Amino acid sequence: TDIKRSQRAELIRELEEGESETKEQRSQLRSVDDQLRQTEIAANRLDVELDNLLRKLSEEYELSYELAKERYPVPEDVQETQNQVRELKRRISALGEVNLGAIEEYERVKERFTFLNDQKNDLIEAKTTLYHVIREMDEEMSKRFRTTFEAIRGHFVIVFAKLFGGGRADLIMVEPERVLDSGIDIVAQPPGKKLQNLQLLSGGERA
């Protein structure tokens, strides 16, 4: 009947749609399988490359992955870092063979340097102490000289006036700001005479 034919046609259509969908799913499944195989191949290749890099890290740099990760962060510019590594390797190679006695020589030179450096520091400390003592002595000598000079100067004015029956005289420090290096001038004017300026002692003679 017409109803049965219509139902049959509907079933056939649904069956065809189901087969078409099944074909599409099978096609997608094959594509996923292909991608999975490619991923597995790439993963295997990366595993081999990783093993090679870990072995190289251990043999050439004597580092484990964990230690290298802890000590050295991932560089921002990998290519530039690789170029720097190659340049460093070239420089190391240019140094030639390693001198096995260099370590002992270094220790000997280091010990000698430490000894001499300690001696230098001791000398610097002694020099500083000596300069400090000299400075204190200069200050004390300058203080005593000023006191003595002023006392002599006061007596000189009085004695001069008594000896010459008048007039005026004085002792003048040439460089009052440098007491220990200063010369001393005598300014004297006996009665009826012109004022005279005589150098008593130079700094070197007085010293």
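Derivation of every value follows stated rules applied to the coordinates shown; laboratory data play no part. Because the structure is a prediction, the values reported are computed rather than measured. Cβ atoms come from the backbone with ideal geometry, glycine included; neighbour counts cover every protein chain shown.
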Find how much the distance from Phe164 to Val78 grows on full extension, using 0.36 nm per residue of separation minus their present alpha carbon separation; answer in nm with one decimal.
20.9 nm
³J(HN,Hα) computed for each position of the range 40-56 - Karplus, 6.51 cos²θ - 1.76 cosθ + 1.60, integer Hz, glycine/proline x:
5, 4, 5, 5, 4, 5, 5, 4, 5, 5, 5, 4, 5, 5, 5, 5, 5
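Under the Kirkwood approximation for Rh and a Cα-based Rg, what ratio Rg/Rh is obtained for the range 72-178?
Looking at the range 72-178, the ratio lands at 1.60.
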Comparing Ala126, Ala68, Ala42 in a Gaussian network model of the chain (Cα, 10 Å), the one with the largest mean-square fluctuation is Ala42
Using a 7 Å offset from the Cα along the Cα-to-Cβ direction at both Tyr106 and Glu139, what is the distance between the two label points in nm, to one decimal?
4.8 nm
Among Lys143/Lys194; Lys69/Lys89; Lys162/Lys194; Lys143/Lys193, the pairs whose Cα-Cα distance exceeds 24 Å are Lys143/Lys194; Lys143/Lys193
Could you give me the percent of Cα pairs per 10 Å distance bin for the chain, shortest bin first, beginning at zero and ending with the bin that holds the maximum distance?
6, 12, 11, 8, 7, 7, 8, 8, 7, 7, 5, 4, 3, 3, 2, 1, 1, 0
Could you check the simple spin-label distance between Glu19 and Ser58, using points 7 Å along Cα→Cβ, in nm with one decimal?
5.9 nm
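If you average the sequence gap of Cα pairs under 8 Å that are 6 or more apart and divide by the length of the chain, what percent do you get for the contact order?
Averaging sequence separation for qualifying contacts and normalising by length gives 8 percent for the chain.
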